[in-house]
Every structure is written in C-alpha cells, then in structure tokens.
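Values in this text are rule-based calculations from the coordinates and carry no lab data. Owing to the predicted nature of the structure, the values given are computational and were not obtained by experimental measurement. Using ideal geometry, Cβ is built from the backbone for each residue, glycine included, and neighbour counts are taken over all protein chains shown.
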Amino acid sequence: MNSNIRILVTGCNGQLGRELKIHFSEALPNLNVIYTDVDTLDITDRDAIERVVLDNDITHIINCAAYTNVDLAEEEKALSSAVNSIAVSNIALAASSNDAKILHISTDYVFDGTAHLPYNEADKVNPKNQYGVTKRLGETMLIGHSPDCIIIRTSWLYSPFGKNFVKTMLRLAATKPEVNVVSDQIGTPTYAADLAVVIAKFITARQWASGIYHFSNEGVCSWYDFAKAIYRIAGIHTKVNPIPTRDYPTASARPAYSVLDKSKIKATLGITIPHWEESLADCIDRLKQMS
Ligand SMILES: NC(=O)c1ccc[n+]([C@@H]2O[C@H](COP(=O)([O-])OP(=O)(O)OC[C@H]3O[C@@H](n4cnc5c(N)ncnc54)[C@H](OP(=O)(O)O)[C@@H]3O)[C@@H](O)[C@H]2O)c1
C-alpha cells in the first residue's frame, strides 16, 4: 500500500518537519516523500504548490509549515495571516488538482483558556491572539475547501531542533543562577518526535480518518513545572522561581489553561501516548548527544 503513497511535506526544516523526516527515514524508508521548506516551496504561492503536486502525482500533503512567532504575529499581521490562513487555503486548492489528502497541524491557542477541564475537539474555539486567530482561520478555510482533511491540534511543541522552551531554559541556565517562569499557565508539552509517529500512523492507516484531533503528551503542568523538570532531568542546579503571568508581560495574550483531551486520537489510532516527562528525558538525551 505504501508504494501508492506520494507525500509532500511543507515546512520540513521546522521542529516538526525535521522529526517527521527522521521518523519516515528510520521507520518507513521506502515511503516516497518530497521534503520542502520556504526556500524550495513557499506555501503562499498557490501555483508553485499545484506544480509540485501535479508534477509528482502527490497523494498526501503534510503541512508542517507555519508562522509560529506568537508575539511577533501581533506586529506582522499580514505575514502571519498569509502563512497560517491564506496559504492553508492555497494548499487545499492545490491538493484538489490531484485529489490529494491533507494533514494539517493546528494549535491549542484556538482556545481562550477559560476552561477547567481538558478541551475536546467539539469545544468552542475563541482565540485570544493574532497567531490563534490566523491558525483558526486556517482550520476553517481548510475544512471549507477540503472537508476530508485531518487537522491535529497540538500544544507547547519542542524538539532538539529550532527554537523552543526546552532549549531556551538550557541556554539560560548557562548564564543565570536563577530564572523566573510563569506558574499560572497550565497545559501539556508535546515532543515533536511523538507527534511525528502519530502523523505517520494517520498517513499509513488502512482508512483515512478525516476530522479534527487533539494531541499532546500525557500529563499536565505549568511552564514553571516544565522548567523545573528540564533542569532536574538535565542535572542542572539553576533555581526556578514561579511568577504570575502579569509579571512576565508579552506582546500576545496566552490562554491560562490549554490542556487537550486526547481521547479521540487514542481511540482512533489505538495508541498510548508517553507522559511528557518521559519524552522530555528522551529529548534531553538527544540534545546531550548532539552537543
Ligand atoms: N511551536 C509550538 O509550540 C507549537 C504549538 C502548537 C502548535 N504548533 C503548530 O505545529 C506546527 C509545527 O510547528 P513547528 O514548531 O515545527 O514550527 P517551526 O519550527 O516554526 O517550523 C515551521 C517551518 O515552516 C517554515 N515556513 C514559514 N513560512 C513558510 C512559507 N511561507 N512556506 C513554506 N514554509 C514556511 C519555517 O521557515 P522559517 O523558519 O524560515 O520561517 C519553518 O521551517 C505548526 O503548524 C504550528 O502552528 C506549534
């Protein structure tokens, strides 16, 4: 069956794109995959996407490309909308030229964070910032053009690659005896390597299971808990001080609570998901090996 699959991955140099490439090459080496990023395929260019789709008879598009700078998005409204909303619609239209299926990644920031129980896929969305608004619009435009798509909403993504909270905390520890980290935003980290495994399962499943899904690692924590665990696992003695969000002003408002309910994805794929601390340990191991 895999020989009939020809995949286009966008945003392949990002955190998730790189983990996807590693997973596909290790676990599914015979899979036919074209990896692109903005230098080879700008997803704001609909004609360019359509050319790649038709020239390579693409059957599946995995969209890992996105504008992910949450704070800068408040300033760069046009660019964040172009990449996270309009380009997702471009992908859908280009995919339809070859009846290709789309798997797209979205975010917990489509929610406003006022809930006290994990968000499920049917819960009301109400993004609080420009990034969340652009990602939500991307979802609705995609579903409008391509109701058969798969959308995976994820949260607090990190990996050994690119910019993320884990790497920032490790970098700060090298120069600071203590760090202040917000303790009143609650969510769940997601190891991009675990998300890559899940994406591969959707792509290679016997039946295409269209719909919206939530995915993160198991467990719940604050950014403060996350920082403490990073230092504990890495064997670093930097002190972490809990602070409220009001003492760490950012350009963009964040949801106070964005834990995702993963029941649907676990039932659909028949998977168990690693706890966030277990996956964090794997990431820190890899970072040590890379340094
Ligand atoms: N990071 C998080 O905490 C988080 C949380 C929830 C959901 N998500 C979602 O998860 C997905 C993957 O995130 P990530 O952290 O892997 O993102 P990332 O590391 O920022 O990677 C995104 C990639 O897309 C590329 N890109 C930007 N504009 C593009 C364009 N016009 N055409 C083609 N490629 C373009 C970026 O290139 P440049 O680097 O050159 O711009 C980058 O290589 C995204 O949909 C994101 O919204 C992320």
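Miscellaneous remarks
- For segment 177-291, the number of Lys pairs separated by eight or more positions or lying on different chains, with C-alpha atoms closer than 16 Å, is 4.
- For Cys12, the amide hydrogen comes within under 5 Å of the amide hydrogens of Thr36, Asp37, counting only partners 5 or more places away or on other chains and with H modelled in the peptide plane.
- In order through segment 128-134: 3J(HN,Hα) via Karplus (6.51 cos²θ - 1.76 cosθ + 1.60), integer Hz, x for Gly, Pro: 9, 9, 4, 4, x, 5, 5
- Other-chain or far-sequence residues with amide H under 5 Å of Leu157's (modelled H): Thr190
- Among 121-133, 265-277, 167-179, the peptide with the highest mean count of other Cβ atoms within 10 Å heads the list, and the full ranking is 121-133, 265-277, 167-179.
- Förster radius 51 Å - calculated FRET efficiency between Ala251 and Asn30 (Cβ-Cβ, nearest 0.05): 0.65
- Length released on extending from Ile271 to Asp148, taking residue separation times 0.36 nm less the Cα-Cα span: 42.1 nm
- The length gained on full extension between Thr40 and Arg171, counted as 0.36 nm times the residue separation minus their Cα-Cα distance, comes to 44.1 nm.
- Unit charges at the beta carbon, dipole of the chain: most positive-side option, Trp208, Tyr231, Gly11: Tyr231
- Here segment 159-291 carries DSSP beta bridges of which approximately 20% are antiparallel, counting only pairs with both residues inside.
- Over the chain: helical MRE at 222 nm, DSSP H runs n ≥ 4 each giving -39500 (n - 2.57), nearest 500: -11500 deg cm²/dmol
- Treating r as the C-beta distance of Asp123 and Leu72 and R0 as 22 Å, the FRET efficiency rounds to 0.20.
- Nonlocal amide H pairs with Arg6, under 5 Å, H built at 1.01 Å: Thr59, His60
- Overall form of the chain: prolate. Here a/c, set by the Cα gyration tensor axes a ≥ b ≥ c, is 1.5 or more, and a/b is the larger of a/b and b/c.
- Subtracting the Cα-Cα distance of Trp208 and Leu93 from their residue separation scaled by 0.36 nm leaves 39.5 nm.
- From phi via Karplus (6.51, -1.76, 1.60), per-residue ³J(HN,Hα) for segment 64-73 in Hz, x at Gly/Pro: 9, 7, 6, 8, 10, 7, 4, 6, 5, 4
- Computed from the C-beta positions of Asn180 and Asp55, the FRET efficiency with R₀ = 41 Å rounds to 0.20.
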